[in-house]
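Comments concern the structure below.
The values are calculated or read from the model by the stated rules, or taken from the named source; none is laboratory data. What you see is a predicted model; the values in this text were computed from it and never measured. Backbone-built Cβ (ideal geometry, glycine too); neighbour counts: all protein chains shown. Note: areas computed on protein heavy atoms with side chains; ligands, DNA, RNA excluded. Shrake-Rupley method; radii C 1.70, N 1.55, O 1.52, S 1.80 Å.
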Amino acid sequence: MVDAVVVETHPVPTRSTVSWPAIVAGGVVAAALTLMLLALGAGLGFSVVSPWSGPPDISTTAAATVGGVYMAVTAVMSSAVGGYITGRLRSGWAQAPLDEVHFRDTAHGVVCWAFATVMGAALLASAATIVSGGAASRTDPSAGQATADPTAAVLDRLFRPDYGALLGGTGQRAAGVFAGGRDLANDREVARRMLLNFDQRSRTELAGEDRQYLAQMVAARTGLEPGAAEQRVAAVEADMKAKLDAARQAAAHLSFWLVASLLMGAVAAGLTAAEGGAARDGRS
């Protein structure tokens, strides 16, 4: 007795099953919606901040967390809409099994999210290049990089003269604060390099000889007593350390929220693309 075996096969597609027009359409919509939501968030932020009042009572880490949450919500909403549009517009696969159709729809949503992410990153990079180039072209050539020097405010704080000592008739010390030696601009440049070296190496404190030399310059240029000059240098150093630590923590929080928002956006795009494909085929 011979048993008949029936083997059911599915036809192998002769062309790619990727619907690039649908992916591009969904990606463009997702990128546009992301831009709109980011502009809305910026507008809401500017509307609640007044230039005439003091800074809001919120830490840098908390601000980064609020920004990260909004960034995650933006990624989920824009990716969900773009993924659904991709699922509804993709080409049908009438002879494919349902599990394969579900996988292809989900994959289309993820590719749509990836396309929107890469396109958005490229546009932001181009915009940043144009803005930085325009700012550099408007920089005063005689001022060099000092126009955009982030240490300018710190240097002003360090070399702020003690006018009480200068006007209080303290004799030769008050009269010779700005006399002799190198000019003030040269001392500010030396101090700027010390502070930039402190910032770039993320050191916990200035080297002993650097701190002593900086205190001597401050005392010579401001009329402060040596002890007061050392206190001013220590205060500036502590303030820089606090700001660097706050910036590091904020950058870490934003990085974590960026990764989380990207992952949530990919998941949302894949799920909504599968839902859009099911609606296209009448399965939902």
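Polar (S, T, N, Q), at pLDDT 80 or above and not in a loop (DSSP other than H, G, I, E, B): is that true of residue 147 in this structure?
no
Each row is one residue, and each column tells you yes or no for (1) touching a His at 6+ places or on another chain (Cβ under 8 Å); (2) at pLDDT 85 or above; (3) under 30 Å from residue 61 (Cα atoms).
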residue: 193; (1), (2), (3): no, no, yes
residue: 203; (1), (2), (3): no, no, yes
residue: 217; (1), (2), (3): no, no, no
residue: 220; (1), (2), (3): no, no, no
residue: 237; (1), (2), (3): no, no, yes
residue: 240; (1), (2), (3): no, no, yes
residue: 251; (1), (2), (3): no, yes, yes
residue: 256; (1), (2), (3): no, yes, yes
residue: 264; (1), (2), (3): no, yes, yes
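Note on region 62-101: residues that are touching a Lys or Arg at 6+ places or on another chain (Cβ under 9 Å) and open to solvent by less than 50 Å² (accessible area, probe 1.4 Å) total 6. Whether any residue in region 252-272 is free of Cβ contacts under 8 Å to residues at least 40 places away in the same chain and small (Gly, Ala, Ser) is what I want to check. Checking region 252-272: at least one residue is free of Cβ contacts under 8 Å to residues at least 40 places away in the same chain and small (Gly, Ala, Ser). Search region 239-279 for residues being surrounded by fewer than 18 Cβ atoms within 10 Å (Cβ to Cβ) and touching an Asp or Glu at 6+ places or on another chain (Cβ under 9 Å), and hand back the single one that is nearest to residue 154 (Cα to Cα). Going through the qualifying residues, I end up with 240. I'd like the residue in region 75-132 that is small (Gly, Ala, Ser) and free of Cβ contacts under 8 Å to residues at least 24 places away in the same chain and, out of all such residues, is farthest from residue 273 (Cα to Cα). This residue is 132.
For residues that are closer than 21 Å to residue 277 by Cα and modelled with pLDDT under 55, scanning just region 12-43, find the one that is nearest to the chain's Cα centre (by Cα). It comes out as 13.
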